[in-house]
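Shown below is the structure under consideration.
The values are calculated or read from the model by the stated rules, or taken from the named source; none is laboratory data. Keep in mind that what you see is a predicted model, and the values were worked out from it rather than measured. Here the Cβ positions follow ideal geometry from the backbone for every residue, glycine too, while neighbour counts run over all protein chains shown. With ligands, DNA and RNA removed, areas are computed over all heavy atoms of the protein, side chains included. Shrake-Rupley method; radii C 1.70, N 1.55, O 1.52, S 1.80 Å.
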Amino acid sequence: MALLQLEQVVSNYGSINALRDISFEVNEGEIVTLIGANGAGKTTTMHTIAGLKELNGGKILLNGQDISRWETQARVKNGIVLSPEGRQVFPDFSVLDNLMMGGYLQTNETNQQTLETVYELFPRLKERAAQAAGTLSGGEQQMLAVGRALMGKPRLLMLDEPSMGLAPLIVKEIFALIQRIRDLGTTVLLVEQNARVALRISDRAYVLETGRIVLSGTAAELLVSEDVQKAYLGM
Amino acid sequence: MLLEQILNGLTIGSTYALVAIGFTMVFGVLELINFANGSIYMLGGYITLMLYLGMGGHFLLAFVLSILLTGVVGFAMDRIVLSHLRAKKAPKLTGLIATMGIATVIDNVILLFFGSQTKPYPNMIDFGRFYIGETAVNSSQLVILAVAILLMVLLSLLTYCTKLGKAMRCTAQNADAARLMGINVNLIIALTFFISSMLAAVAGTMVGMYYQSIDINAGFTVGMKTMASAVLGGVGVLPGAMVGGLLVGLFETLGASYISSGYRDAIAFAILILVILFKPAGLFGKKKINKV
Ligand SMILES: Nc1ncnc2c1ncn2[C@@H]1O[C@H](COP(=O)(O)OP(=O)(O)OP(=O)(O)O)[C@@H](O)[C@H]1O
Ligand SMILES: [Mg+2]
């Protein structure tokens, strides 16, 4: 059984149909990428899975259980954690406080343990533990957003454009970390503009176009697909 | 004489501060101007009086029950009305108008039950007056100041040192991100209303005792003055509301005794306008407020 399954999910903003019948799945241990142009509905998909955006049709299943009507906090408690587009760190809080908020539903002991893992993945965050998050550089904020999501002990970690606005070297670093996070046992659902790099570290991918999935396959297949190369890899 | 006036001003100012803190906390988590806050303050005062008379003089019990009951009214106001507006993604202005509606309902319920006459209020904290040097000090003033300071310390601890306080501050900074941490944002907001209404009840009761009377117009004036206090200190900032409340109390008392008592209420707003002109974010405000 898939860890996460979307069945004919529909999601609207008023009269705008952002998602029109989306079905896909993410299996335990995979890295799955959603690619698509601006406005295709990638963020809406993530928000609908996280429960920030209500569902207007279809179903979302976690391990076969229908979670479509659950509140966000219940989903977080069950391991669905989103690192949102644009980082959204708490600017007035220190780095450490931001991380601790990520572990809001966890016990203190668990947080101490996870914190060590996060500091090991992102030594920069440890150096800057006391600094206000709002004063971090863009790359550091992104690391913080990912680290904060990890503090929630995700079974499914959703990352919405983790490389946005970052220098190529840092992008490489972030993607290497995503692979390490998966190797540590977390399933990853990734949204990326940077399709080529994302596909290289993914197992499978789906292509979204104006609220529909138009293509899917293994990452290796999509990397060589002509349609994908033309539309998303700039070849 | 001057010292006495300063003490008078700080006493009344500390009660403004309590109400202003509640106002600012709600604004912090919701960016909502709660026009019902003044009515809730008055309601708290009336409920204490009603329970005190009804229970044959158990003042402390009446006071505690009244604080809780008023808190529940605030909580219910959010759960029954405002949370639904949020769920429907109604514009902020709709929420603001809704709080005006709630204020009208509360004012009229009070009018219905208690009538429009000024009611005598028992002063349970009057243990006489004494002198420090030349300065006459009233025990009621000391009790009010002590209670207000204690509550401010407790609230600061709650906000800055507890998990609930951190969840409130997260919600204030970014509600969606707070949700993604697993914070039950709707509950946090309702609890904020609960706390702010309890504070208002404490202030409403203490002021009733201090003046030994309560009347139906108290809510509106105090609502406006505490809003002025919060803006003066910087809306959404806890220390801002505290200092703002104290300053408004101080200035209006000094103004009333040294300029003219007729200007008491006008002075608070004159100060407000001056501060907004020269420091739009308020004394403690960090950034410009461009919301609402
Ligand atoms: N809050 C909103 N209200 C109305 N329409 C919205 C809202 N959020 C998104 N949309 C619309 O829904 C569609 C999908 O948006 P979404 O943010 O999911 O796209 P995306 O694939 O994440 O794009 P990007 O790559 O630019 O982040 C767009 O047409 C967008 O204009
Ligand atoms: Mg997006």
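Tell me which of B:Tyr258, A:Val197, B:Leu155 sits at the most positive position along the dipole axis of the protein assembly as shown, charges placed on C-beta atoms (Lys, Arg +1; Asp, Glu -1).
After comparing all options, I get B:Tyr258.
Sticking with this one: Be a star and scan segment A:15-57 for residues whose amide nitrogen sits under 16 Å from the point 7 Å along the Cα-to-Cβ vector of A:Gln65.
So the set is A:50-51.
Let me ask something else about it. Please label the shape of segment B:1-99 as rounded, prolate or oblate, based on the square roots a ≥ b ≥ c of the eigenvalues of the alpha-carbon gyration tensor (a/c under 1.5 means rounded; beyond that, a/b larger than b/c means prolate, else oblate).
Cα axes put segment B:1-99 in the oblate bin.
Indicate, rounded to the nearest 5 percent, the antiparallel portion of the DSSP beta bridges found entirely in the protein assembly as shown.
60
For helix A:168-183, report the angle its Cα long axis makes with the longest principal axis of the Cα atoms of chain A; keep it between 0 and 90° and round to the nearest 10°.
Taking Cα atoms only, the helix is inclined about 90 degrees.
What pairs in A:Lys126/A:Lys153; A:Lys53/A:Lys77; B:Lys88/B:Lys166; A:Lys153/B:Lys166; A:Lys77/B:Lys163 have C-alpha atoms more than 23 Å from each other?
Listed pairs above 23 Å: B:Lys88/B:Lys166.
Take the Cα coordinates of segment B:181-245, assign each an equal point scatterer, and use the Debye formula without solvent to give log10 I(q)/I(0) at q = 0.16 Å⁻¹.
Normalising to I(0) and taking log10 leaves -0.67.
Can you give the charge dipole size of the protein assembly as shown about its Cα centre, rounded to the nearest 20 debye, using +1 on the beta carbon of Lys and Arg and -1 on the beta carbon of Asp and Glu?
About 320 debye.
Ranked by accessible surface with a 1.4 Å probe, highest first, in what order do B:Thr192, A:Thr107 come?
The residues order as A:Thr107, B:Thr192, largest area first.
Restricting things to Cα coordinates, could you compute the convex hull volume per residue of chain A in Å³?
Spelled out: Cα convex hull of chain A, divided by residues, is 119 Å³.
Moving on. Roughly how much of B:Leu155 is accessible, in Å² to the nearest 10, using a 1.4 Å probe?
Spelled out: B:Leu155, probe radius 1.4 Å, area about 10 Å².
Rounded to the nearest whole Å³, what is the per residue volume of the convex hull around the Cα atoms of chain B?
It comes to 133 Å³ per residue, whole-number rounded.
Apply 1/(1 + (r/R0)^6) to the Cβ-Cβ distance of B:Thr104 and B:Leu2, taking R0 = 35 Å, and write down the FRET efficiency to the nearest 0.05.
0.30
Which residues' amide hydrogens lie under 5 Å from the amide hydrogen of A:Ser23, considering only partners 5 or more residues apart or on another chain, with H built in the peptide plane?
A:Gln8, A:Val9, A:Ile213
Rounded to the nearest 100 Å², what is the buried accessible area between A and B, both sides summed, probe 1.4 Å?
1800
If A:His47, B:His58 are ordered by their accessible area, calculated over protein heavy atoms with a 1.4 Å probe, which sequence runs from highest to lowest?
These residues rank, largest area first, as B:His58, A:His47.
Same structure again: Quote to one decimal, in nm, the extra length available between B:Asp265 and B:Met55 on full extension: 0.36 nm per residue of separation minus the C-alpha distance between them.
72.1 nm
Efficiency by 1/(1 + (r/R0)^6): what FRET value for A:Arg200 and A:Gln113, r their Cβ-Cβ distance, R0 = 25 Å, to the nearest 0.05?
With R0 = 25 Å, the Cβ-Cβ based efficiency is 0.20.
Based on DSSP H runs of at least 4 residues, each adding -39500 (n - 2.57), what is the mean residue ellipticity at 222 nm of chain A after dividing by all its residues, to the nearest 500 deg cm²/dmol?
Rounded to the nearest 500, it is -11000 deg cm²/dmol.
Once the Cβ-Cβ distance between A:Thr135 and B:Tyr211 is put in as r, and R0 is 60 Å, what FRET efficiency do you end up with, to the nearest 0.05?
0.80
Taking the simple approach of a point 7 Å from Cα along Cα-to-Cβ for both A:Val224 and A:Glu127, what is their distance in nm?
4.2
Given just the C-alpha atoms of the protein assembly as shown, how large is their convex hull per residue in cubic angstrom?
Convex hull of Cα atoms, per residue: 174 Å³.
Can you give me the distance in nm between label points at B:Leu158 and A:Ile16, each placed 7 Å from the Cα along the Cα-to-Cβ direction?
Each label point is offset 7 Å from its Cα along the Cβ direction, giving 3.9 nm.
What is the helix-to-structure angle for B:37-54, meaning the angle in degrees between its Cα long axis and the longest Cα principal axis of chain B, kept from 0 to 90 and rounded to the nearest 10?
60
Compute the long axis of helix B:185-211 from its Cα atoms, compare it with the longest principal axis of the Cα atoms of chain B, and write down the angle in degrees, 0 to 90, nearest 10.
Tilt of helix B:185-211: around 10 degrees.
Then there's this: Just tell me the longest site-free run in chain B, where the sites are trypsin sites (Lys or Arg not before Pro) in a DSSP loop having at most 14 other beta-carbon atoms within 10 Å.
Looking at chain B, B:90-285 is the longest stretch - no exposed trypsin sites (Lys or Arg not before Pro) with at most 14 other Cβ atoms within 10 Å.
I want to make sure I understand the PRE zone here: with the label point 7 angstrom from the Cα of B:Val137 toward its beta carbon, which residues in segment B:1-33 have backbone N atoms less than 15 Å away?
Once the point is set 7 Å along Cα→Cβ of B:Val137, B:1, B:3-11 turn out to lie under 15 Å by backbone N, inside segment B:1-33.
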